[in-house]
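Contents: one structure, followed by commentary.
The values are calculated or read from the model by the stated rules, or taken from the named source; none is laboratory data. All figures in this text were calculated on a predicted structure; none of them were measured in a lab. Here the Cβ positions follow ideal geometry from the backbone for every residue, glycine too, while neighbour counts run over all protein chains shown.
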């Protein structure tokens, strides 16, 4: 259990870079900034996945062969808007905080890809996994306790309707990694270092992709 997620900054958005501003403007959305107002022991502060990280994922083919991605802790919807526009992928964003959910709907009202984007305001652990969801994205949105509940739901969905599926993580904590590496249903697919994007020395600054495989 994390003692305080609100005080554990990943510090990817100390200041909005011109690239971040430009990308938001290009998509017609407003997702920039960090907000600790609604964080607690189990939920991280609002901090959108950097566009440079999303682009690195895209450049490495991580989003290929995906039709429906579920973004846990979707915040104001950046991941969904990026993928809908760049990869024409259907995305469902799950966000517990009502203020961020409302911000995602405001962004959606200006989007040209409305038909591909869906946002839900509910706890990640109560979300019923769709039978057609074949990818799941996590930018450390919540504690390992909640991750375990979410993974239970994902694996139950997989057993009910077996299909190829990816689990995509950015900035994986030691607690996450220990848990995920010991799940027999998962197979490590790829690790991509992102430290060069931020002149970082943090070994957790990477993308990790698992595939769900039969046990």
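Give the residues of region 145-158 that are more than 17 Å from residue 212 (Cα to Cα) and surrounded by fewer than 18 Cβ atoms within 10 Å (Cβ to Cβ), sorted by residue number. Break it down stepwise before answering.
Of region 145-158, the ones more than 17 Å from residue 212 (Cα to Cα) are 145-146.
145 - this is the single residue of region 145-158 that is more than 17 Å from residue 212 (Cα to Cα) and surrounded by fewer than 18 Cβ atoms within 10 Å (Cβ to Cβ).
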Q) Between a first residue in region 96-109 that is free of Cβ contacts under 8 Å to residues at least 60 places away in the same chain and a second residue that is part of a helix (DSSP H, G or I) and surrounded by fewer than 17 Cβ atoms within 10 Å (Cβ to Cβ), which pairs have beta carbons less than 9 Å apart while being 6 or more apart in sequence or on different chains? A) 108/114
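Please pick out the residue among 19, 65 that is loosely packed, with under 14 Cβ neighbours inside 10 Å, more than 17 Å from the chain's Cα centre (by Cα), farther than 18 Å from residue 114 by Cβ and at pLDDT 90 or above. Let's see the steps before the verdict.
Working: 19 fails: at pLDDT 90 or above.
The unique qualifying residue is 65.
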Q. Of the numbered conditions (1) surrounded by fewer than 14 Cβ atoms within 10 Å (Cβ to Cβ); (2) modelled with pLDDT of 95 or more; (3) over 24 Å from residue 211 (Cα atoms), residue 24 satisfies every one except a single condition; which is it?
A. (1)
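Give me a count of the residues in region 68-89 that are assigned to a strand (DSSP E or B) and crowded, with 22+ Cβ neighbours inside 10 Å. Don't jump to the end; show me each part of the working.
Applying the first criterion (assigned to a strand (DSSP E or B)) to region 68-89 yields 68-72.
Add one more test, that the residue is crowded, with 22+ Cβ neighbours inside 10 Å, and what stays is 69-72.
Looking only at that region, the number is 4.
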**Q.** Filter result (surrounded by fewer than 17 Cβ atoms within 10 Å (Cβ to Cβ) and out of contact with any helix residue (DSSP H, G or I) (no Cβ under 7 Å at 6 or more places or on another chain)) within region 159-182
**A.** 159, 160, 161, 162, 163, 164, 174, 177, 178, 181, 182
